[in-house]
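The values are calculated or read from the model by the stated rules, or taken from the named source; none is laboratory data. If you're wondering where the values come from, they're calculated on a predicted model, not measured in any experiment. Here the Cβ positions follow ideal geometry from the backbone for every residue, glycine too, while neighbour counts run over all protein chains shown.
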Amino acid sequence: MSGARAGGARLVATLALAGLASGLAIVSAYRLTLPRIQANQAAALERAVFEVLPGALRMERWLFRDGRLAPATGPAGALDESLFAAFGEQDRFVGWAVPAAGAGFQDTIKLLYGLDPAGARVVGLAVLESRETPGLGDKIFKDADFVAEFSGLAVEPTIELIQGHGEGANQVDAITGATISSRAVVRIVNAGNALWRPRLPDPATVAPSATPAGTVPPDVERGGPVPGGRVGDPG
């Protein structure tokens with residue numbers, strides 16, 4: 001009996017040591033790769049801002065605090081609490097990049113879309129993360145015609161999804177076979193507009209900061225939620 005107990009104790013000790021070694025290896029690998037992951041995610045976010053706002057050459061993170069939207073001055077605020085103001089040649093204000101997320105058919109869809117300076121039209125769309133069904137739902141970022149629907153798209157009264165061919169300035173054609181995913185994107189953009197458009201300042205008052213701060217939100221600095229590229233894995 002004592003031999004069996006000793007053998008059991010040795011087995012437990014061996015498993016504990018193996019678990020500890022595995023844990024240390026995972027933590028070490030994470031720490032070694034984290035700076036590169038953070039750099040890739042920050043670069044992906046920056047690329048997306050420039051993609052959804054044609055003519056943008058510079059971006060700044062703005063936060064809604066104390067009843068007003070203003071340039072970020074420190075590390076406070078997460079990605080979903082931020083907008084990005086973009087400026088072009090001669091510091092011309094070109095519009096807002098709005099992060100937004102919501103439920104899709106398979107999982108959460110995270111995207112970034114551009115608004116013109118007055119917030120009257122969507123001028124571009126980039127899906128940052130999606131696990132919608134390959135070959136169907138993933139067309140929300142692979143179908144160039146669908147993405148192009150969000151260029152010059154009127155936002156009032158709200159954006160509408162149309163089965164077939166929508167002629168209205170605020171209408172988007174649903175993707176055949178991926179209506180749920182299409183509807184999810186429209187719903188996410190409408191929700192983002194409902195939250196942020198009432199907060200937008202007069203475009204004439206928006207100018208770049210002399211010393212921009214907080215371009216990248218802290219949750220991106222920590223490794224999420226913006227990936228280092230688009231994701232279209234099966235759900």
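Given the residues GLY104, GLY88, GLY119, GLY95, which is the only one that is at pLDDT 90 or above, surrounded by 24 or more Cβ atoms within 10 Å (Cβ to Cβ) and not acidic (Asp, Glu)? Spell out how you get there, then give the answer.
On the way: GLY104 fails: at pLDDT 90 or above; GLY88 fails: surrounded by 24 or more Cβ atoms within 10 Å (Cβ to Cβ); GLY119 fails: surrounded by 24 or more Cβ atoms within 10 Å (Cβ to Cβ).
Being at pLDDT 90 or above, surrounded by 24 or more Cβ atoms within 10 Å (Cβ to Cβ) and not acidic (Asp, Glu) holds for just one of GLY104, GLY88, GLY119, GLY95, which is GLY95.
I'd like to know if the stretch 42-58 contains one or more residues that are at pLDDT 85 or above and assigned to a strand (DSSP E or B). Within the stretch 42-58, one or more residues are at pLDDT 85 or above and assigned to a strand (DSSP E or B). Cβ-Cβ distances below 6 Å connect the following pairs, each with a first residue in the stretch 137-152 that is among the hydrophobic types (A, V, I, L, M, F, W, C), a second residue that is part of a helix (DSSP H, G or I), and a separation of six or more residues or different chains: ILE140/SER181; ILE140/VAL185.
The number of residues in the stretch 153-179 that are touching a residue at least 24 places away in the same chain (Cβ under 8 Å) and either of a type in the set (D, E, K, R) or surrounded by 16 or more Cβ atoms within 10 Å (Cβ to Cβ) (or both) comes to 10. In this entry, ILE159 is excluded by the filter for residues that are modelled with pLDDT under 95, β-branched (Val, Ile, Thr) and in contact with a helix residue (DSSP H, G or I) (Cβ under 6 Å, 6 or more places away or on another chain). Quick one: would you say GLN106 is assigned to a loop (DSSP other than H, G, I, E, B) and not aromatic (Phe, Trp, Tyr)? Yes: the conditions hold for GLN106. Flag: PRO134 does not match the condition of being within 19 Å of LEU112 (Cβ to Cβ), part of a loop (DSSP other than H, G, I, E, B) and at pLDDT below 85.
Per the conditions (1) farther than 21 Å from LEU195 by Cβ; (2) out of contact with any helix residue (DSSP H, G or I) (no Cβ under 6 Å at 6 or more places or on another chain); (3) of a type in the set (Gly, Ala, Ser); (4) surrounded by 15 or more Cβ atoms within 10 Å (Cβ to Cβ), the sole criterion not satisfied by SER82 is (1).
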